[in-house]
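J.: One structure follows; several queries about it will come next.
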Amino acid sequence: MSKAALTRTSCRVALAGLVSFCFCGAAMSKGANDGDDEPATAASTPNLYLDLRTYYTTVPAGSLSLGFGNSALFATLPTLATLSTLTTLPTLTSPASRSIGADVPLTVDLNDSVSVYGGFSASTSRTDLSDWSAFTINSWAVGFQADVYQQNGGSIPTITVQSTLTWSVPQAPLPTTALNTILEFDYALNADETRGLLAGVQYTRVAVDSAIVTIYPDIVGYVGGYYQWDNNWKLSGRLGVQSFGGAQLLNLTPFPSFTQPIARLDMDRMDDNDNRLFGVTAQISWMPKPSYQLVVRTPLYAIRN
């Protein structure tokens, strides 16, 4: 299957999934409140908010921005576009870079199990060879997150699937589409689900609309855990291994493959209904040199239950 066909298929699957989950979530919300009284109607109202995420990322020389979520990937793709004009050199490598950006997805929590979202990302970046670029929109994204099974005190952990389809803006030097899918298992250790263990895998596939550029898949496997205090502060940690197939430019490999450790730490402030009010994420991934990312989450609620 060609990259263009893969991209079209991914778009159709993602959009079909979004529509299905929207109808599923609406049906579940209605079924949970069969009465016509006003409190029941209010309880079925979905959360609506901008899940604003602001990030700062450093990327070592000869690397793309990868890791959990790949928030800054599209901020570093212009480096690959620049290298595509230098294919006569015997060896190619990208300079170290830094980027500042924001993800702005409009998010709807249809119920406790299903969320859908869509929005844009914007960023500015600089390298050791260039100054800061203009702060511009670089990509759009749609996606969903769903609990396909909930533990509810049983012995089988909660199983969550999250899938995000991201594509670059039309004027991007390298038109790119990325499909990021996460399968996570959450085993709660108590009835309140304030302590638990995590395990999961993330798969990222990037298709570039160019005959000379190929980006191979990235896979992350991890384990972790979480603890939530009585004051609703929640600490989560994930530690794993990331395996990236590399990126090829004609017969050259400016971004070599690697298999290296990755770690992520989240500190979130939740409310009594487990809605996130504020969050900070710190991530370090080796490529094989370390890449650092700091993310601040400040959800802006229009409706919050």
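J.: What's the Cα-based Rg to Rh of segment 223-305, Rh via Kirkwood? The partial results should precede the final answer.
T.: Numbers: Rg = 17.5 Å, Rh = 15.2 Å.
Over the Cα atoms of segment 223-305, Rg/Rh equals 1.15.
J.: I've got another one for you. Taking 30 Å as R0, compute the FRET efficiency from the Cβ-Cβ separation of Ala282 and Ile137 and round it to 0.05. Can you show the working numbers first?
T.: Details: r = 26 Å, r/R0 = 0.86.
The value I calculate is 0.70.
J.: Along Cα→Cβ, 7 Å out, is where each label goes; now give me the distance between the ones at Ser243 and Ala191 in nm to one decimal.
T.: In this crude spin-label approximation the distance works out to 4.2 nm.
J.: Treat each spin label as a single point 7 Å out from the Cα along the C-beta direction, and report the Leu235 to Ser155 distance in nm.
T.: In this crude label model, Leu235 to Ser155 measures out at 3.2 nm.
J.: How would Ile215, Ile303 rank on accessible area, largest to smallest, probe 1.4 Å?
T.: From most exposed to least exposed: Ile303, Ile215.
J.: To continue, here is another question. Just the projected area, averaged over all directions, of the convex hull on the alpha carbon atoms of segment 143-196: how many nm²?
T.: Values: hull surface 18.7 nm².
Here the figure is 4.7 nm², rounded to one decimal.
J.: Counting Lys and Arg as +1 and Asp and Glu as -1, what is the net charge of the other residues whose Cβ lies under 15 Å from the Cβ of Ser65?
T.: Result for the local shell: +3.
J.: Can I ask one more? Tell me the accessible surface of Thr253 in square angstrom (1.4 angstrom probe, heavy atoms of protein chains only), to the nearest ten.
T.: Surface accessible to solvent at Thr253 totals approximately 80 Å².
The values are calculated or read from the model by the stated rules, or taken from the named source; none is laboratory data. All of these numbers come straight from a predicted model, not from anything done at the bench. All Cβ positions, glycine included, derive from the backbone under ideal geometry; neighbour counts span all protein chains shown. Ligands, DNA and RNA are excluded from the accessible area calculation, which covers all protein heavy atoms including side chains. Shrake-Rupley method; radii C 1.70, N 1.55, O 1.52, S 1.80 Å.
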